[in-house]
Each structure stands twice: as C-alpha cells, then as structure tokens.
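Trainee: Encoded as structure tokens, here's the structure I'll be asking about.
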Amino acid sequence: MGSARAALATHLAAVLTPYTIPVGIMEVLQVTLLVLVAAGATAVVLIREPVRQVIVLSAYGVLLAALFMVFQAPDVTLSELTVGAVALPVLLLLALAKVKRREK
C-alpha cells in the first residue's frame, strides 16, 4: 500500500508542475493576457485596411503565444508563434501584394 502511494505521489508530481512565481501573480497575468487577447481579436476585426489588419493579426498571434505560455503549453506556444505570428501574416501580405499588382 505504501509503495502505491509513493508511486501515485511521484506520478502527480510529474503531472502538476508548480509555478515558479506566486499563484496570485500568475492569476493576474493570466487574466491580463485574456483581456489583451480579447482586445486584440476585436482590433483585428474592426480594422478595415488590409495591410494594417495583417500586422495586427501578427501581434494577435504573439499575444496568443504568450497566453499559451502562461498556461504552460510550450508546444502550442511554438506552433502559434510559427503559424499565427509569422507564416500566416507573411502569406497574407504576399497575397495582398499580388492582388494590388493585378489591380494596376
């Protein structure tokens, strides 16, 4: 019975990673980032000029990556940085450049 408890405690310790900063500060950081992400998403929708919208979309991707990092999801953070903050904006800017070239 004792070894089962020790194994369970070891397993739980491996799953629950404690924050390196106090929990209260982490909660404030999480709520702050959630509000910033909501504001960023609203800004992306409200901006009408396509190039500025893509730039704000890239900043929104960085905010999402920061949010994922605060929620301790480093793999999702790296994916979001790669796709949401770099690849998607670059592709959109290239598409906008091609469309503007055809209009001339």
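Readers should treat all values here as calculations from the given coordinates under stated rules, not as data from a laboratory. It should be emphasised that the depicted structure is a prediction, and the values quoted were computed from it without experimental measurement.
Trainee: Would you kindly derive the ³J(HN,Hα) couplings of the range 96-101 from the backbone phi angles with the Karplus curve 6.51 cos²θ - 1.76 cosθ + 1.60 (θ = phi - 60°), listing them in order in whole Hz, with x for Gly and Pro?
Mentor: Once θ is set to phi - 60°, the couplings for the range 96-101 become 5, 4, 5, 5, 5, 5 Hz.
Trainee: Between Val28 and Ile55, what length in nm is gained on full extension when 0.36 nm per residue of separation is reduced by their alpha carbon distance?
Mentor: 7.0 nm
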